[in-house]
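First the structure, in the form of structure tokens, and then the observations on it.
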Amino acid sequence: MAPRPQTPLSISVKPGVKVSAGLGLLALATAALLGWATVHSPLRWLFLLVLAPVGVAALRVARHRWWLEGTVIYKQRALRAKRIDLSHANVEPGYVAGGTRLTTFKAHDPIAKRRMTVPLLTAAGRPLPPQQIQGLHDAIVAGQRWRQKRNAERALLVLAYLSATL
């Protein structure tokens, strides 16, 4: 069986933003370490308390990304990736801006009991490129025959919004 193509989604933070945020967090961590090394009182332990949140924030910024692999959407965060197969998930509209533009949709995998809100805007606030919208559309359509009643109606509503943006 051939491997599924991996499509990165523009939802992720741009690499330049990741680098600048990473350098800023590195500078803050360096300042905390220097403060810990130079202060010789009980207050020096406060500098170490800064390092843990800075490390987690750096991981969140550096590793945050979304991608679509076949019908499965992945959301990578600091330490783990969340995945939902859009062909099996119950899909419903999220926030509709101005009554005409869908900015998010919600996916719920009833088997794995996972929920995910998928933004349809880039980090800059612009709509996703058409090929990425088409990939999401195709992933939802792949499982449309299995959805029943209310779930099928909600998925059709999301598909209508996605088709309107193509």
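Scanning segment 151-164 for residues that are surrounded by 15 or more Cβ atoms within 10 Å (Cβ to Cβ) and either over 11 Å from Ile140 (Cα atoms) or basic (Lys, Arg) (or both), which turns out modelled with the lowest pLDDT?
Here the answer is Asn151.
Please note which strands (runs of 3 or more DSSP E) are completely contained in segment 62-166 and include at least 1 residues that are closer than 30 Å to Leu26 by Cβ and touching a residue at least 24 places away in the same chain (Cβ under 8 Å).
Filter on segment 62-166 gives 65-69, 72-76, 81-85, 114-119.
Could you please tell me which pairs satisfy a Cβ distance under 6 Å, a separation of 6+ or placement on different chains, a first residue in segment 17-45 that is closer than 19 Å to Val61 by Cα, and a second residue that is surrounded by 13 or more Cβ atoms within 10 Å (Cβ to Cβ) and among the β-branched types (Val, Ile, Thr)?
Lys18/Val61; Ala21/Val61; Leu25/Val54; Leu28/Val54; Ala29/Val54
Can we say Gly70 is surrounded by 13 or more Cβ atoms within 10 Å (Cβ to Cβ) and within 25 Å of the chain's Cα centre (by Cα)?
Yes, satisfied.
When you go through (1) in contact with a Lys or Arg (Cβ under 9 Å, 6 or more places away or on another chain); (2) surrounded by 16 or more Cβ atoms within 10 Å (Cβ to Cβ); (3) not hydroxyl-bearing (Ser, Thr, Tyr) one by one for Arg60, which number turns out not to apply?
Among (1) in contact with a Lys or Arg (Cβ under 9 Å, 6 or more places away or on another chain); (2) surrounded by 16 or more Cβ atoms within 10 Å (Cβ to Cβ); (3) not hydroxyl-bearing (Ser, Thr, Tyr), the lone unmet condition for Arg60 is (2).
Can you pull out the residues in segment 114-142 that are surrounded by fewer than 18 Cβ atoms within 10 Å (Cβ to Cβ) and closer than 12 Å to His88 by Cα?
Arg114, Val141, Ala142
Can you spot a residue in segment 41-57 that is under 20 Å from Thr122 (Cβ atoms), surrounded by fewer than 16 Cβ atoms within 10 Å (Cβ to Cβ) and under 24 Å from the mean Cα position of the chain (by Cα)?
no
Loosely packed, with under 12 Cβ neighbours inside 10 Å and at pLDDT below 80: is that true of Ala32 in this structure?
Answer is no for this residue.
The values are calculated or read from the model by the stated rules, or taken from the named source; none is laboratory data. This one's a predicted model, so the numbers in the text were calculated from it and none came from an experiment. Cβ atoms come from the backbone with ideal geometry, glycine included; neighbour counts cover every protein chain shown.
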